[in-house]
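Some notes on the structure that comes next.
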Amino acid sequence: MALPSQADDKVYHLKLAETWGANTPLLGDTTKRLAYLAKTLSNGRLHIRIDSSNKHKAPFGVFDMVRAGQYDIGHSASYYWKGKLPNSLYFTTMPFGMTAPEQYGWFYYGDGQSLMNEVYEPFGIYSFPGGNTGVQMGGWFQKEINSLADVQGLKIRIPGFAGEIWAKLGAKPVNIAPGDLYTSLERRTIDAVEWIGPSLDIQMGFHKIAPFYYTGWHEPASELQFLVNKKAFARLPADLQQILTTAMRVVAYDMYIHFQHESAVNWANMKREYPAIQVKSFPKDVINAMQAANSALLAAHAEKDPLAKRIQHSQASYMAKARAWTEIADQAYLNSMSE
């Protein structure tokens, strides 16, 4: 697609607020890449200033700051806003849902982007895919989970729909800003913490105080988001609008590949350097209860909200088609390699 012709030589400045602390690996790299690419592709006409959470002091306030025009762009995760915008949680990832390639297909060539636009439109905000972590691990636990009884009263940091599922099982989920996760676990304010995966978890040090590392079920394709204030976007000439949206798409994909690489490298290092870490999968009765709770919660959300019902239907129908191909392509290939 040809870019629109350059409208003027004016330099445009945008401010970006991110949920992450300064120089957070991978997550923070993505916003830096966005700023670099926007400036380079625009021949210096589009500058993006990045304010990390240690500067703006509101890691979970990014939505409100972009909505109010305090910032032009935000980088965060859509499910952080479920308290004020319940349908936002569908655009990060869903338990037992699509993998990253499947979900990207839904966003870019299915109904995903248009449904996300519909959810955010009343708030004067555009939302775009902002980079994927791939499958996330199930979390670090101070005690082994052997049955549903071990879940009762468990204090776990976990956001999004998965937090609602843990609550259904009798746990006590909370959301804590990234910078406070280690301290909360160390001080036993929480019993377990879900963050991302080996790409970032090891350097957080969770393995020093929680030796049980559980495999994932809850976030198979964790997509971050770029929030863009509509008025700020409208002030840009057409060519810079195209450059910004293209740059966001490029860096989102690059983050996915970067996470894939770092997870592979750090998984190998973890197995070699920290053999005491016990990698576990949740018992079958816990997984079965999670799936049952997931189905019940989806039905309850759909019954209360017609838009939620439409989003759920869109995701389920797209996943059915995409998963059939994933199984005959990726899964069959992996199965053949292990035979």
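Would you point out the residue of segment 126-153, among those that are part of a loop (DSSP other than H, G, I, E, B) and touching a His at 6+ places or on another chain (Cβ under 9 Å), that is farthest from H261 (Cα to Cα)?
Among those that are part of a loop (DSSP other than H, G, I, E, B) and touching a His at 6+ places or on another chain (Cβ under 9 Å), it is G138.
Among the residues of segment 167-200, those that are touching a strand residue (DSSP E or B) at 6+ places or on another chain (Cβ under 7 Å) and of a type in the set (D, E, K, R) comprise K172, D191, E194. Give just the number: which of (1) under 22 Å from the mean Cα position of the chain (by Cα); (2) touching a residue at least 40 places away in the same chain (Cβ under 8 Å) does P211 not satisfy? The single condition P211 does not satisfy is (1). In segment 146-164, is there at least one residue being closer than 20 Å to L224 by Cα, at pLDDT 95 or above and surrounded by fewer than 17 Cβ atoms within 10 Å (Cβ to Cβ)? Checked segment 146-164: no residue is closer than 20 Å to L224 by Cα, at pLDDT 95 or above and surrounded by fewer than 17 Cβ atoms within 10 Å (Cβ to Cβ).
The values are calculated or read from the model by the stated rules, or taken from the named source; none is laboratory data. These figures come from a predicted structure and were not determined experimentally. Note: ideal-geometry Cβ built from the backbone for every residue, glycine included; neighbour counts use all protein chains shown.
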